[in-house]
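Working notes, structure below.
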Amino acid sequence: MKRLLALLAIPTLLGSSYYCSTQIGLRTDGSLEVLIESPQPPAYEAVGRSLYSQDGAKLLVTSITHERGAEGIRHIIRASVRGTHRYALQLFPTRMVHSFSMDRKAVERTLLEAAGIPQGEFVATNRQWEIIQ
């Protein structure tokens with residue numbers, strides 16, 4: 001009977017450790033800086049304000065800057081997004097992967113609307129794990 005339990009316990013232990021390290025991983029709350037480019041000159045009133053996206057993510061607009069480039073002046077909106085970081089094992093190639101859970105389309109829409117750029121009709125999207133390098 002003990003041998004049977006040991007034979008059942010070993011695959012269960014291996015399977016659960018594989019699942020936990022590749023799918024669940026280590027998770028922690030934190031923030032991530034997001035940069036988006038504005039198609040037209042934004043309003044600067046949103047800087048320093050805390051916002052919430054449609055999916056409930058908390059955002060803090062940190063700065064709006066303009067940079068000269070080959071195509072002309074680009075307006076960059078920087079924000080800090082609160083969410084969950086995940087560190088998980090990727091088997092092929094074997095490495096640790098750092099990802100962040102957020103709905104990028106909802107974050108971009110919220111930031112552009114806060115900067116005074118209308119976004120038109122609302123389109124629902126989903127939160128995904130975005131790989132951070």
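At a glance:
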read-out: Fluctuation leader among 100, 92, 122 - the chain, Gaussian network, Cα springs under 10 angstrom; value: 92
read-out: With Cα atoms, 0 to 90° folded angle of helix 2-19 axis to the chain main axis; value: 10
read-out: Per-residue Cβ neighbour rank within 10 angstrom, fewest leading, 22, 125; value: 22, 125
read-out: Between helix 104-114 and the chain: long-axis angle, C-alpha atoms, 0 to 90°, nearest 10; value: 20
read-out: Distance (nanometres) between label positions extended 7 Å along Cα→Cβ at residue 122 and residue 12; value: 4.6
read-out: Computed FRET value (nearest 0.05) for residue 45 with residue 98, which takes r as the C-beta separation and R₀ as 30 Å; value: 0.35
read-out: Selected from 108, 67, 33 as most flexible by GNM, with the chain as the system and alpha-carbon contacts under 10 Å; value: 67
read-out: Convex hull of Cα atoms in the range 34-78, direction-averaged projection (nm²); value: 3.4
read-out: Sorted by Cβ density within 10 Å, fewest first, the residues 103, 55, 29; value: 29, 55, 103
read-out: Gaussian network model of the chain, Cα within-10 Å springs - most flexible of 17, 80, 53; value: 17
read-out: Sum of side-chain charges, residue 60 neighbourhood, beta-carbon under 11 Å (Lys, Arg +1; Asp, Glu -1); value: +3
read-out: Cβ-based charge dipole, the chain, positive-most Cα from 88, 76, 52; value: 88
read-out: Sum of -39500 (n - 2.57) over DSSP H runs of 4+, divided by residues of the chain (222 nm, nearest 500); value: -7000 deg cm²/dmol
read-out: Distance between the range 1-49 and the range 58-122 - C-alpha centres, whole angstrom; value: 18
read-out: Ratio Rg/Rh [Cα only; Rh per Kirkwood] for the chain; value: 1.20
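Read-outs: derived from the displayed coordinates by stated rules, not from any lab. Only a predicted model underlies this, so the values are computations on that prediction, with no experimental measurement involved. Note that each Cβ is placed from the backbone with ideal geometry, even for glycine, and that neighbours are counted across all protein chains shown.
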